[in-house]
1. What distance in nm separates the two pseudo spin-label positions at residue A:226 and residue B:42, each 7 Å out from Cα along the beta-carbon direction?
2. Run through the other copies and list how far each one's label point is from that of residue A:216, in nm with one decimal, shortest first; the point sits 7 Å from Cα along Cα-Cβ.
3. Distances in nm, one decimal, shortest first, from residue B:22 to the same residue in every other copy, taking the label point 7 angstrom along Cα→Cβ.
4. I'd like the orientation of helix A:129-155 relative to chain A: the angle between its Cα long axis and the longest Cα principal axis, in ° from 0 to 90, rounded to 10.
5. Rounded, prolate or oblate for chain A? Axes are the square roots of the Cα gyration tensor eigenvalues, ordered a ≥ b ≥ c, and the cut-off for rounded is a/c under 1.5.
6. Just want to confirm a number: the relative contact order over chain B, from Cα pairs under 8 angstrom separated by 6+ residues, in percent.
7. Enter the angle in degrees (range 0 to 90, nearest 10) between the Cα long axis of helix A:202-214 and the first principal axis of the Cα atoms of chain A, meaning the one along which they spread out most.
8. Given labels modelled 7 Å from the Cα in the Cβ direction, how far is it in nm from residue B:157 to residue B:29?
DNA sequence: CGGTTGATTGAGGCTGCTCAAAAGGTGTGG
DNA sequence: CCACACCTTTTGAGCAGCCTCAATCAACCG
């Protein structure tokens, strides 16, 4: 049944469905239940706030296109980036599902965000066990990623931290089909932001990036990452991609 | 309908049900679906391995009584404690739900662990949307706790880290009814293990604990924690308990 | 009482931080 | 097309929080 491309016939596959289908097989009924998120979606410019700490959007906000990150800011200026969000990831939510956000979310690039009202989201989960299971599995993978960050911040040295984060992102970008033809990928973080994800200052991040560049391991410029020697980078980071799936 | 205390009539309330009921209201049907975990449970001595990294237990292992922790070990001896597990928490699982464990789990005290076969667990989730939702909410809280650890490790100084972790544990212990009559609680970690949770060496952990003790903030000895000045400790840690529920 | 584990103390060193400034890039307005 | 502002990257110098190595002390246990 090729090309049912009449307008409004079949909702276009969106990043959320694509991601959840990594964890479960959905029937057409379930795909329709998640529905046409394009309809509710909105484009956001780079660097804009999607969720502010303390917000209660009363909805679930999946990221359909573009990149974003969660972050926690201190009053005194310290800032920690908590996670990088790729298409299919859920930026956050609240309402019946959870309390007000304990973090903010910002777009890294032009990004498209959908909006599923909390009550509707819960109704979907109640009605479709396959979706509930996929969400649980997806949450478990997200926990594994967070554990990897805990290990990174708690035990690894600066160059190991950078290496590990870039290995993780490279894999996740690949899963999202976001690796460019020449093998690099777009990651429009400043060195200051990269440092905030790694628990390092921008000064130190800069110096270590220069070392890694000098060793022909990676390149990080203009918001594009090139990994020149993946095996050596993975060895340096002690990276094992098993946790990402 | 008081006291149906005939043998094998109503499964005794267990810590897993108690925890999930913080997130949803269960009917008797749902409580029975989770079932009598006592039957499948086993006591484990302190300091024993419950899950070994790389394991695939093909089951979900809820902690019913006692304390445990997840940890990741490096070949070179570095170790990071990833989370503290209290009664009601799920130590881990694998099988259809997730890949092999990327972490190990050890008991901190005498502990009772239940075992729910993966296939059975998935059947329960499929059949009971209320349980699925409670699991999702529970996973979201666990993610929030992990984010707090990321912030701790990435941005806070040693004394702030210790303060924040103890605030978190005090709250969670209280939720589990594990705060002792005199206000303290049992946390049988060595200073070395506490350091492993905080990304610090045991030597530095020791010195900072002495400072906090000297400032009349806390006491940490013989596996028992006393918080002498909770408001000041929370201020030091910039602790806000909202994320724990 | 020796052995083991954990807490404590000391001295010295390194990773990563702070403060400060300069250099390079980019967009805007005159 | 230049001047200017702004942001990011880069570099330098000095400092400090935390680490490493090592030894001692205290408690518990067979």
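Laboratory data are not the source of any read-out in this text; all were calculated from the coordinates shown. All figures in this text were calculated on a predicted structure; none of them were measured in a lab. FYI the Cβ positions are ideal-geometry reconstructions off the backbone, even for glycines, and counts take in every protein chain you see.
1. Result: 5.4 nm between the two label points.
2. 6.4
3. 2.9
4. 10 degrees
5. Prolate is the answer for chain A, as a/c is 1.5 or above and a/b outweighs b/c.
6. Values: 404 pairs, mean separation 45.5, N = 245.
Relative contact order comes out at 19 percent.
7. Approximately 80 degrees, to the nearest 10.
8. In this crude spin-label approximation the distance works out to 5.7 nm.
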